[in-house]
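All remarks here apply to the structure that follows.
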Amino acid sequence: HHDRHQPLTSPPGTTDTTGGWISGEGGDRKVPGVVSPLPKVLFPATEQPLGSLLRRIGVAVGLLLLVTVVTWLGRDGYRDLDGDPVSALDAFYYASVTLTTTGYGDVTPVSPAARAVTAFVVTPARVLFLIVLVGTTIELLTERFRHALAESRWRKRMSAHTVVVGYGATGRGAVASLRAAGTPDDRIVVVDRSETALHEAQRNGLTCVQGDATRTEVLRTAGLPVAHGLIVACGRDDTATLITLTGRELSPTVRISAAVRETENAHLLKQSGADTVIVSAEAAGHLLGQATDQPHAVSVFEDLLVMGNGLDLLQRPVAAEEVGGPPRPLEGRLPVALIRGARRIAFGDADFAACQPGDVVVSIAVARGDEAPTPEAEAETTAPAEGG
């Protein structure tokens, strides 16, 4: 850990998140011959491929054991060409060559009971065994085609979504806030290089793109040109700047929100095209310092940070009837600030009392799940039932 800050450089000897680049004593440098892999789209996991394969293998082994046991129990009705009694190994051999349709004929059913078992038990088991075998083979052979078809359909319907780069603690928090605000899972795309992080995102029902987000091709694969927003939560200031530059080049209109660790890098993110820059390390430091003297105030602020629970911060455009006067408190919402262009007007400012067209009202609101019932609804729920 390095306490001294070096703007936009990585600690010596660390691996950068940009494919084909490494960091050392002399700074980041390109490694000759290292080619970044092509971006890969990963859809929400419905079932792990390994689990599906193991289940199919279990069915096949179960069928094999079933036929082996049935043959062994009815061994007196089977004949071996060498004249010896049918052993357990012979029963297993007969089951394996029968289910795989090899059928050498050296062990055969001769009694009526054995032939009935072969017709009504072994033959259906053989058909089921072939279905499992052929089904697994077809699934493996068509996996790439099915994935390509699903990706093509996904690209056609993907628009006005949010791309989240990085699925660490910051990225997971951003996704949780998006969900709490009502963004459906199919309108969130996670970009990361870590397979572990992407598998977690898949299990959470999110579509993912595996690749280096500083590359144009990766962000284009994530649909950034038609996206509504880009959240950069990669954990490194230098990489965040590259991603922001690439994202702004791909889409001049997309709203970019980025997290940086150091204050002196915030203006670089702004110059790179970020609309909002959050200094994560400094914000955490402010909260820690304030928690010493004002712990209750910090607890309220923490509540505001988590959407959908307790209190939320919401914004809305100013209403026509509010122009010229202060913003009106709506039910469950208390206005605390106006946004006028790039200016933030707090509720104590004189201009707060005179809204203008185009202003945005920011309010503290009761979360949807915690809304108090209206007097009418309360009266309805407390009224006695008819005939009671």
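Please give the length that would be gained between THR276 and ILE57 if that part of the chain were fully extended, namely 0.36 nm times their separation in residues minus their C-alpha to C-alpha distance (nm, one decimal). Kindly include the intermediate steps, with their values, before the conclusion.
Details: separation 219, 0.36 × 219 = 78.84 nm, distance 5.19 nm.
Stretched fully, the THR276-ILE57 segment lengthens by 73.6 nm.
Please name which of SER159, THR142, ILE131 has its Cα lying farthest along the dipole of the stretch 128-181 towards the positive end, using unit charges on Cβ (Lys, Arg +1; Asp, Glu -1) and the Cα centre as origin. Positive-most Cα among the choices belongs to SER159.
In this simple spin-label model, placing a label point 7 Å from the Cα along the Cα-to-Cβ direction at both HIS228 and ASP185 gives a separation of 1.8 nm. Placing pseudo-labels 7 Å out from each Cα toward the beta carbon at LEU89 and GLU217 gives an inter-label distance of 5.6 nm.
Which whole-number percentage describes the relative contact order of the stretch 130-270, with Cα contacts under 8 Å and a sequence gap of 6 or more?
Working: 210 pairs, mean separation 31.7, N = 141.
With pairs under 8 Å counted, the relative contact order is 22 percent.
Of the three principal axes defined by the Cα atoms of the stretch 44-118, the extents in descending order read 57, 20, 18 Å. For SER177 and THR136, FRET efficiency with R0 = 45 Å and r from the beta-carbon atoms, rounded to 0.05? The computed FRET efficiency comes out at 0.60.
For the stretch 84-127, run through the chymotrypsin sites (Phe, Trp or Tyr not before Pro) and keep only the ones in DSSP coil with at most 14 other Cβ atoms within 10 Å of their Cβ. Could you put the intermediate results ahead of the total?
Details: sites: PHE92, TYR93, TYR94, TYR104, PHE120; in loops: TYR104.
Answer by residue number: TYR104.
Each value in this text was obtained by applying a stated rule to the coordinates, not by laboratory testing. All values derive from a computational prediction rather than experimental measurement. Note that we place each Cβ from the backbone using ideal geometry, even for glycine, and neighbour counts take in every protein chain shown.
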